[in-house]
Amino acid sequence: MAEQKKTALCTACEKAGGRMVDFHGWLLPVQFEGILAEHKAVRETAGMFDVSHMGQIFVEGMNAWPFLQYVSCNNIKNGPAEGTYFHLLTEQGTIIDDAISFCLSPEKFLIVVNAACVEGDFAWLCKQAEAFHVKVRNESNAWSMLAVQGPKAVEVINQLLPGVKDLPRFHISPFTMFGTDGYVTRTGYTGEDGVEIMLPNAKIQELWDVLLQLKVTPCGLGARDVLRLEAGYLLNGEDANPTKTPYEANCGWVVKLAKNKFIGKTALETKKEAGFPSRLVGFRLKVPGVPRAGCKIFYKGKEAGIVTSGTFSPLFKGIAVGYLDSKIPVEAETEIEIHGRLLPAIVVKPPFYKNRV
Amino acid sequence: MYNEEKCRFTKTHEWAYKDGEFAVVGISNHAQEEISDIVFVDLPKPGRVVNAGENCCVIESVKSASEIYAPVSGEIVAVNEALNADPALVNREPHAGGWLFKIKMTNPAEYDNLLDLAAYKATIQK
């Protein structure tokens, strides 16, 4: 196994009672006080997550925007400070990663990518960049990132970074804090309002300590997974992978076929025309139980799909997303096999949790 | 109360409390701390006959599922229905209101061979 990587907040997380686990090679807290308490903090007040394992890739040059338009299936916004959620696709139109781009200037963009995909995405982008004469830099090891999420999150951060409350959703702003330059974005992975703050590694603990004093609850990967699943966000590697197109992954809205040219476009046009045998849907268990990744889904006695993410939601009890035969409609009654028993579950369209964002 | 001192334990973190020909079964305080935030207990059906070491119950936390093994052989004669409404009882009172099920023992010698508290604690300190 590769060497265990630690974020700049690792010691601080341990000190705050974090139960540390391996996540794609990173040592990260799965929980502090408890997943249920942390979930509640984010839904009702404010919680913070060390997301320093995520990657920061900068794209610079005159052709930075055309380049991103080419590697993304979505239309990349290029207005000042604008962010765009997009997928990087293979030539076959399948998902390499989901990411967010931010326009720092007409010739400079920041892309935030998933931890497990940093090396792969960077290599892929470098390969595509040759024809565009843009510079692609992987600065993931230099930056730390803290997500502060919840209905009170922006109010708290506004005390440290006045003006954040006026930053629109999916926008970025540079700032100076503790004598260092960083970035703040009005984004998150929880379904609540909030921000994600990027600072150089050496300064992130100062921010963590200040936020602890301001009673922001430290939260781990466990709560993060419940929150994102409730909010219907994909977990790349589980709910999306290079065998699935965005259409199948309930992300058809991310694909803009009207765009002139982008990697995967031709394949997607053909595949969309042919239709897809299965697609990602949500499930709500009608009885107590907890569906998990890998559980089989049955419809009218026949195996019809598989769960890719499942959990216990304090708001909705047993919930899951998974790939189900496309012929089976929303609101159909299915059964999920859990510990050898078939439990009834209703098909729903994610998200489970719809809120202010 | 199924006092810790009077219970016998398995290496898989179940406790058993002898009550005549019956054994009440639960999980140790250490186990509930490790599992944390218990959200569902899939109890066995009363009347089921189990062998010692047989997987007969599942405890679900938010994050994971843990299998529970019968410490002794016998028939399951009662289960803790209160856990259906309040599974977190296992976290709050692992040796009282958080008991799981009751077995009518067919081989009481199995009970005598379980670990006492000191021996159990030694296994978790390794």
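The values are calculated or read from the model by the stated rules, or taken from the named source; none is laboratory data. Here the structure is a predicted model, which means the values were calculated and not measured. Reconstructed Cβ throughout: ideal geometry from the backbone, glycine too, with neighbour counts over all protein chains shown. Ligands, DNA and RNA are excluded from the accessible area calculation, which covers all protein heavy atoms including side chains. Shrake-Rupley method; radii C 1.70, N 1.55, O 1.52, S 1.80 Å.
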Those residues of region A:297-317 which are within 11 Å of chain B (Cβ to nearest Cβ) and more than 21 Å from the chain's Cα centre (by Cα), in sequence order = A:Lys317
key: Test: residue in region A:324-333 that is within 14 Å of chain B (Cβ to nearest Cβ), at pLDDT 95 or above and outside any strand (DSSP E or B)   = no
query = Within region A:210-250, how many residues are within 14 Å of another protein chain (Cβ to nearest Cβ), of a type in the set (D, E, K, R) and either crowded, with 24+ Cβ neighbours inside 10 Å or over 20 Å from the mean Cα position of the chain (by Cα) (or both)?
reply = 2
ask   = Does B:Val25 satisfy the criteria of being part of a helix (DSSP H, G or I), away from chain A (no Cβ under 11 Å), open to solvent by less than 20 Å² (accessible area, probe 1.4 Å) and in contact (Cβ under 8 Å) with a residue 12 or more places away in the chain?
value = no
Unique residue being of a type outside the set (Val, Ile, Thr) and farther than 30 Å from A:Phe316 by Cβ when the list is B:Pro108, B:Pro94 = B:Pro108
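On the given criteria, is A:Lys165 in a helix (DSSP H, G or I), within 28 Å of A:Ala12 (Cβ to Cβ) and either within 14 Å of chain B (Cβ to nearest Cβ) or at pLDDT 95 or above (or both)?
Details: in a helix (DSSP H, G or I): yes; within 28 Å of A:Ala12 (Cβ to Cβ): yes; either within 14 Å of chain B (Cβ to nearest Cβ) or at pLDDT 95 or above (or both): yes.
Yes: the conditions hold for A:Lys165.
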remark   = Residue hits (region B:79-94; open to solvent by less than 30 Å² (accessible area, probe 1.4 Å) and either part of a strand (DSSP E or B) or more than 26 Å from A:Pro29 (Cα to Cα) (or both)) are B:Val79, B:Asn80, B:Leu83
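Go over the candidates A:Val21, A:Val30 one by one and state the one that is more than 24 Å from A:Thr187 (Cβ to Cβ), in contact with a strand residue (DSSP E or B) (Cβ under 6 Å, 6 or more places away or on another chain) and either among the β-branched types (Val, Ile, Thr) or within 14 Å of chain B (Cβ to nearest Cβ) (or both).
Working: A:Val30 fails: more than 24 Å from A:Thr187 (Cβ to Cβ).
Exactly one of A:Val21, A:Val30 is more than 24 Å from A:Thr187 (Cβ to Cβ), in contact with a strand residue (DSSP E or B) (Cβ under 6 Å, 6 or more places away or on another chain) and either among the β-branched types (Val, Ile, Thr) or within 14 Å of chain B (Cβ to nearest Cβ) (or both), namely A:Val21.
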ask   = So A:Phe262 fits all but one of (1) at negative phi; (2) away from chain B (no Cβ under 14 Å); (3) open to solvent by 30 Å² or more (accessible area, probe 1.4 Å); (4) outside any helix (DSSP H, G or I); what number is the exception?
value = (3)
query = So, of the residues in region A:177-209 that are part of a strand (DSSP E or B) and over 23 Å from A:Glu44 (Cβ atoms), which turns out to be most open to solvent (accessible area, probe 1.4 Å)?
reply = A:Asp181
query = How many of the residues in region B:37-62 are in a loop (DSSP other than H, G, I, E, B), farther than 19 Å from A:Leu315 by Cβ and either facing another protein chain (nearest Cβ under 10 Å) or open to solvent by 20 Å² or more (accessible area, probe 1.4 Å) (or both)?
reply = 9
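Yes/no per residue for (1) in contact (Cβ under 8 Å) with a residue 12 or more places away in the chain; (2) open to solvent by 20 Å² or more (accessible area, probe 1.4 Å):
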site: A:Gly252; (1), (2): no, yes
site: A:Ala258; (1), (2): no, yes
site: A:Gly275; (1), (2): yes, yes
site: A:Thr311; (1), (2): yes, no
site: A:Leu315; (1), (2): yes, yes
site: A:Ala320; (1), (2): yes, no
site: A:Val330; (1), (2): yes, yes
site: A:Leu343; (1), (2): yes, no
Options A:Ala123, A:Ala131; residue that is under 14 Å from A:Ile57 (Cβ atoms), open to solvent by 20 Å² or more (accessible area, probe 1.4 Å), aliphatic (A, V, I, L, M) and out of contact with any Leu (no Cβ under 7 Å at 6 or more places or on another chain) = A:Ala123
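Anything in region A:123-160 that is polar (S, T, N, Q) and assigned to a loop (DSSP other than H, G, I, E, B)? List them, or say none.
So in region A:123-160, the residues polar (S, T, N, Q) come out as A:128, A:138, A:140-141, A:144, A:149, A:158-159.
Once the filter is applied, which keeps residues that are polar (S, T, N, Q) and assigned to a loop (DSSP other than H, G, I, E, B), region A:123-160 yields A:Ser140, A:Asn141.
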key: Condition broken by B:Gln32, with the remaining ones in (1) assigned to a strand (DSSP E or B); (2) crowded, with 22+ Cβ neighbours inside 10 Å satisfied   = (1)
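Conditions (1) out of contact with any His (no Cβ under 9 Å at 6 or more places or on another chain); (2) polar (S, T, N, Q), marked per residue:
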{"site": "A:Ala12", "(1), (2)": "yes, no"}
{"site": "A:Asp22", "(1), (2)": "yes, no"}
{"site": "A:Leu27", "(1), (2)": "yes, no"}
{"site": "A:Val30", "(1), (2)": "yes, no"}
{"site": "A:Asp50", "(1), (2)": "yes, no"}
{"site": "A:Leu89", "(1), (2)": "yes, no"}
{"site": "A:Asp97", "(1), (2)": "no, no"}
{"site": "A:Ser105", "(1), (2)": "yes, yes"}
message = Suppose the filter is within 14 Å of chain B (Cβ to nearest Cβ), free of Cβ contacts under 8 Å to residues at least 24 places away in the same chain and exposed (fewer than 15 other Cβ atoms within 10 Å of the Cβ); does A:Gly294 pass it?
response = yes
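Determine whether B:Tyr120 is under 21 Å from B:Ser36 (Cβ atoms), open to solvent by 20 Å² or more (accessible area, probe 1.4 Å) and of a type in the set (Ser, Thr, Tyr).
On the way: under 21 Å from B:Ser36 (Cβ atoms): yes; open to solvent by 20 Å² or more (accessible area, probe 1.4 Å): no; of a type in the set (Ser, Thr, Tyr): yes.
Answer is no for this residue.
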